[in-house]
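No value in this document is a laboratory result; all are computed from the given coordinates. Quantities reported herein were computed from a predicted structural model and do not represent experimental measurements. Don't worry about glycine lacking a Cβ; one is built from the backbone with ideal geometry, like all the others, and counts go over all protein chains shown.
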Amino acid sequence: MGNDIVTVASFDKPFEAHMARVKLEAEGIRSIVSDEHLVTMDPLLGYAVGGIKVEVSREDAAAAHAILEHVASERSKPREPDAASTAESDADANLCPRCGSDQISVHRSGTRFSWLTIVFIGFPIGRSKPQHTCGACAHNWR
């Protein structure tokens with residue numbers, strides 16, 4: 001990389017900057033991440049120095065901007081889940097594994113203990129998973 005280095009992106013979190021750096025390097029553009037350690041040690045300094053920066057040489061700046069803008073536009077598009085897999089997983093979640101009945105009730109056990117720990121120590125301990133009960137065969141599972 002030459003001495004003419006320009007910033008093409010700025011991030012709040014180190015992993016975002018490194019993801020951008022890796023994407024640029026995968027496209028053949030050498031890049032560096034600067035001010036990562038400074039911002040990690042004191043996040044409030046991130047506002048003073050302009051965040052964690054991804055920098056490239058001046059001749060690669062236009063291509064780097066185009067690549068990062070393309071990545072940002074792809075990330076902002078909503079993804080539609082596969083209809084077949086979603087329907088199958090929803091159907092399986094609402095059926096009893098023993099008898100196949102759809103008469104299922106869901107409840108949580110141990111929530112009283114969680115609320116007590118919140119009151120006394122400020123955070124929950126022992127949060128439980130939902131307990132499923134089949135109305136047809138009385139089978140219980142989590």
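Tabulated data
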quantity: Inverse mean reciprocal Cα-Cα distance (Kirkwood Rh) of the stretch 5-76, Å; calculated: 12.2
quantity: Neighbourhood net charge (12 Å Cβ-Cβ; Lys/Arg +1, Asp/Glu -1) for A72; calculated: 0
